[in-house]
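Q: One structure is given below, represented as structure tokens, and several questions about it will come after.
The values are calculated or read from the model by the stated rules, or taken from the named source; none is laboratory data. All of these numbers come straight from a predicted model, not from anything done at the bench. Note that each Cβ is placed from the backbone with ideal geometry, even for glycine, and that neighbours are counted across all protein chains shown. To get the accessible areas, we keep the full protein, side chains included, count just its heavy atoms, and leave off ligands, DNA and RNA. Shrake-Rupley method; radii C 1.70, N 1.55, O 1.52, S 1.80 Å.
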Protein chains: 2
Amino acid sequence: MSADRELVLTRLINAPREKVYRAWTDPVLLKQWFAPKPYTTPVVEIDVRPGGSGYFVMRGPDGKDLPNRGVYLEVVPNERLVSTDAFVKAWEPSEKPFMTMILTFEDEGGKTRYTARVRHWTVADKEAHEKMGFHEGWGLCTDQLEALVATI
Amino acid sequence: MSADRELVLTRLINAPREKVYRAWTDPVLLKQWFAPKPYTTPVVEIDVRPGGSGYFVMRGPDGKDLPNRGVYLEVVPNERLVSTDAFVKAWEPSEKPFMTMILTFEDEGGKTRYTARVRHWTVADKEAHEKMGFHEGWGLCTDQLEALVATI
């Protein structure tokens, strides 16, 4: 895998990996951190198994909804979660395969090394994603994730 | 799923579905029928499980090799086999997501209703695939598959 199609965020989170994984797989928790505030996430419908669908709606401060659909490709509880927007459900190709997201949750002395690798089909899409504010946006969301797992 | 991105081949094969499924999952058998003659398939390396890779090399009568890589998305022995060329391995995006192949094997009174649904990301790719000779090519291969399963 050439690095030129990948964006990566990694952070050491002060919580056991079971909690960080739960924040990614429990809809009630996902709604609380998934979108960078003041955006919200009023809808999270997920079927967390290989081939299961995910449907997320983010809502902007202007009330505009941003729906996202995808499919889980690999699910290893507390360790690894892989999904893609190349399908809207198993196995219906989406309008535009944009990215595949590989999340890993590793134990580091009771804390969690959380890493999100976002792989794109083209260099242009990776660059567009970066310009859309990948690092800022995912960074803010990860702040919210981190704050939330401290409370569960 | 709109039909305008899908190509379908279906045939009733006079063999139990275990044999038809085996012809798709045993490399020794795949090499015998996978390419329409006079093309051959000298290389078949497959890891038939969700997330497993497939690597096929077809060789033309002019000696030119045509490599194909993909990943299995869903594997239900004797029933269903789904793969895609959107990834070259789990989970590395390919140069070009072209198709996802959904094979089903259904029992019809001891024979097998064999159906291959090939879904594309774009209408243009579906049309290109059709013009490349999908129906003729897959038809010939299915003749070869049918002849082979009669002998195993």
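Q: Please work out the Cα center distance from segment B:96-137 to segment A:59-111, rounded to the nearest Å.
A: The two parts, judged by their Cα centres, are 27 Å apart.
Q: On average, how much accessible surface per residue is there in the protein assembly as shown, in Å², for a 1.4 Å probe, leaving out ligands, DNA and RNA?
A: 48
Q: Could you sort A:Arg119, B:Arg80 by accessible area so the largest value comes first, with the probe set to 1.4 Å?
A: Most to least solvent-accessible, the answer reads B:Arg80, A:Arg119.
Q: Report which residues of segment A:78-127 become buried by 20 Å² or more of accessible surface when going from the isolated chain to the complete set of protein chains (1.4 Å probe; DNA, RNA and ligands ignored).
A: A:Phe87, A:Trp91, A:Glu92, A:Pro93, A:Glu95, A:Pro97, A:Thr100, A:Arg119, A:Trp121
Q: How big is the protein assembly as shown by the Kirkwood estimate over distinct Cα pairs, in Å? Can you show the working numbers first?
A: Values: mean 1/r = 0.0473 Å⁻¹.
Computed over Cα pairs of the protein assembly as shown, the Kirkwood hydrodynamic radius comes out at 21.1 Å.
Q: Normalising by the residue count of segment A:87-144, find the relative contact order in percent from Cα pairs under 8 Å and 6+ residues apart. Intermediate values should be presented prior to the final figure.
A: Working: 41 pairs, mean separation 13.6, N = 58.
Normalised by residue count, the contact order of segment A:87-144 is 23 percent.
Q: On to the next question. What accessible area, in Å² to the nearest ten, does a 1.4 Å probe give for B:Met58?
A: B:Met58 exposes around 40 Å² with every protein chain in place.
Q: Given a 1.4 Å probe and the protein chains all in place, what does the accessible area of B:Tyr114 round to, in Å² to the nearest 10?
A: Accessible surface of B:Tyr114 is approximately 0 Å².
Q: How much accessible area is lost when chains B and A come together, counting both sides, with a 1.4 Å probe, in Å² rounded to the nearest 100?
A: About 1700 Å² of accessible surface is lost on pairing.
Q: If you rank B:Val75, B:Val8 by how much accessible surface each has, with a 1.4 Å probe, what is the order from largest down?
A: Most to least solvent-accessible, the answer reads B:Val8, B:Val75.
Q: Residue by residue through A:24-37, how many Cβ atoms from other chains fall within 10 Å of the Cβ on average?
A: 0
Q: So for segment B:3-149, considering every pair of alpha-carbon atoms, how many percent are separated by more than 19 Å?
A: When every Cα pair of segment B:3-149 is considered, 53 percent fall beyond 19 Å.
Q: With θ set to phi - 60° and the Karplus curve 6.51 cos²θ - 1.76 cosθ + 1.60, what are the ³J(HN,Hα) couplings of segment B:35-40 in order, to the nearest whole Hz, using x for Gly and Pro?
A: Residue by residue, segment B:35-40 yields 9, x, 4, x, 5, 10 Hz.
Q: As a test question: what accessible area, to the nearest 10 Å², does A:Glu127 have when a 1.4 Å probe is rolled over all protein chains in place?
A: Near enough 90 Å² of accessible area.
Q: Explain nothing, just the number: relative contact order of segment A:3-149, from Cα pairs under 8 Å at least 6 residues apart, as a whole percent.
A: 29 percent.
Q: Report the semi-axes of the equivalent ellipsoid for segment B:42-108 in whole Å, largest first, where each axis is √(5λ) for an eigenvalue λ of the Cα gyration tensor.
A: Output for segment B:42-108: semi-axes of 22, 16, 11 Å.
Q: Show B:Leu103, B:Leu12 ordered by accessible area, largest first, where the area counts protein heavy atoms only and the probe is 1.4 Å.
A: So the residues, ranked largest to smallest area, are B:Leu12, B:Leu103.
Q: Ignoring any ligand, DNA or RNA, what whole percent of the accessible area of chain A comes from carbon and sulfur when the probe is 1.4 angstrom?
A: That fraction is 52 percent.
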